[in-house]
Amino acid sequence: MMSRWLFIFVLPVVFPMTGCIQVGPDYQRPEMDSHATWAASKKASFNQALPEDIETWWQELQDPMLNSLVDRAFNANLDLAIAVQRVRQAAANRGIAAGERFPDLDGSGSYSRERQGANNFPALTDPQEFNSYALGFDLAWELDVWGRVSRLIESADADLEASIEGLHDVRLILAAEVATEYVQLRTAQARLEVAERNIEIQKRSFEITKARFDAGAAPQLDVSQAETNLANTEAEVPSLKSDVRNSLLRLAVLLGENPTALIEELSTPVAVPTSPEEIGVGIPADILRRRPDIRLAERTLAAEVARIGVEVAEFYPRFTLGGTFQYSATNSGVLFDSDSSGFGFGPSFSWNLFDGGRVRNAVRAQEAIADQALLEYRSTVLTAFEEVESAMYTHARELERAEALSRASNAAQQSADLSRQLYLEGRSDFQSVLDSERELFSAEDNLILSRSQAVTTYITLQRSLGGGWSPYLDEGEEEDGSEE
């Protein structure tokens, strides 16, 4: 008889120690096919060496102000601070799951004054009053026979790692957003300078035509056309000023500051940053290791697979070791005497033998959630490959476009100077001056936009490559506080 009890209740203790039983599927990292090289990397501006400083790619733009803004954003951006708190929350949840391995110990105590009447107890001739004191402890310890707690901890570990990858992803996105908005600011300022410079050119043309009209050497039509051309260019200025202000406001918010905090600091225009002549893009396999969103999706999948085991464990009985120890007496002076003590200790189990299919369907539901996570992981990987290929191709084409627009801008400048000279010499009509000035403004403006777009595609490429953080950093040493 004793051997049977030993078998029933010692077995649950031995199995958790040996770790033999852990129901549910064991997680296997999914394999994803990737090409040996990027299809768009054959251009001379790309190479297959992933740069060692990709975690600080924005420094390649050679703009000290941009470097400062990114550093300040890392220190004060509110979205990044929220992501840090998510890591703290996940770490705390992991601690909750790990706590399931340990017993629950509850203390209790009570005092009461009781009176028993003679009518209720015939043996008593008179009512009796007495005190009652009690002090004790209750112990309950679930034995992890089927690995339910182990799977809980496994899923919590994966959730914590996913939250850390989420923090990395926010950091990556933040660096790209700050760089993009900074480029947009400098682009709007440069376009505003071009517009104001062309306004001065067109004002001179207007003054020349008006003087010639007053002298009877030019028709009223020339004056009207010159004024129309000038007004159209002047109409571009308000919207460009709005673009400058909006970029300043957005940058300040990204830095966690009051929206107007950067207006004075960044109001002086400087040149639009230019992307490096050669860019290291690595190979597609690098993306699976570098991109935080892929790593997050993979860790989310691992967590959902572990939760299948948590649900499967509900099919099996739960074994618990429980016990109580208590002092009780009617006199506080003898409460802690040995004759006042009592205890009880022993194992127990509970087993849900019929639940109307709830557990089975809970397992099926969790399996479906895990399948969704797998599909989301695959989708994230394919999207990452698409983003890199698209960014590389677009960047290469934009560089070609900027080169052509540079030639067009130089030719437009020469055309504008020549047409104005011919008009003053009376060898050309004013229409050629109007056309050349419009073309000059358009060519210069388009060139700035194209160069800006080339830098923006460089930023997009770095973001799609997973630049902006280092996968080699020890999570516990990060300055973000993720060691919590």
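Each reported figure results from applying straightforward, stated rules to the coordinates on display, with no laboratory input. Fair warning: this is a prediction, and the values are worked out from it, not measured in the lab. All Cβ positions, glycine included, derive from the backbone under ideal geometry; neighbour counts span all protein chains shown.
Ordering 175-181, 29-35 by mean Cβ neighbour count within 10 Å, with the highest value first, yields 175-181, 29-35.
How high is the FRET efficiency between SER406 and ILE21 when r is their beta carbon distance and R₀ equals 45 Å, given to the nearest 0.05? Could you put the intermediate results ahead of the total?
On the way: r = 71 Å, r/R0 = 1.57.
Step by step, r from the Cβ atoms, then E = 0.05.
At full extension, ASP337 and ASN131 could sit 72.5 nm farther apart than now, given 0.36 nm per residue minus the alpha carbon distance.
With helices as the sole contributors, the chain gives -21000 deg cm²/dmol at 222 nm; each DSSP H run of n ≥ 4 counts as -39500 (n - 2.57), and the sum is divided by every residue. The label-point distance for GLU52 and THR330, in a model that sets each label 7 Å from Cα toward Cβ, rounds to 8.5 nm. Over what distance in Å are the Cα centres of segment 302-321 and segment 160-187 separated? Between the Cα centre of segment 302-321 and that of segment 160-187, the gap is 38 Å.
Close amide H partners of PHE46, meaning residues 5 or more places away or on another chain with modelled amide H under 5 Å apart, are ILE279.
Estimated from the Cβ-Cβ distance and a Förster radius of 56 angstrom, the FRET efficiency linking ASP79 and ASP106 is about 0.85. Take the Cα radius of gyration of segment 243-293 and divide it by 2.2 N^0.38 Å, N being the number of residues; the result is 1.74. Calculated FRET efficiency, LYS241 to ARG29, Cβ-Cβ distance, R0 = 51 Å: about 0.45 to the nearest 0.05.
The alpha-carbon positions of the chain define a convex hull whose volume is 284 Å³ per residue.
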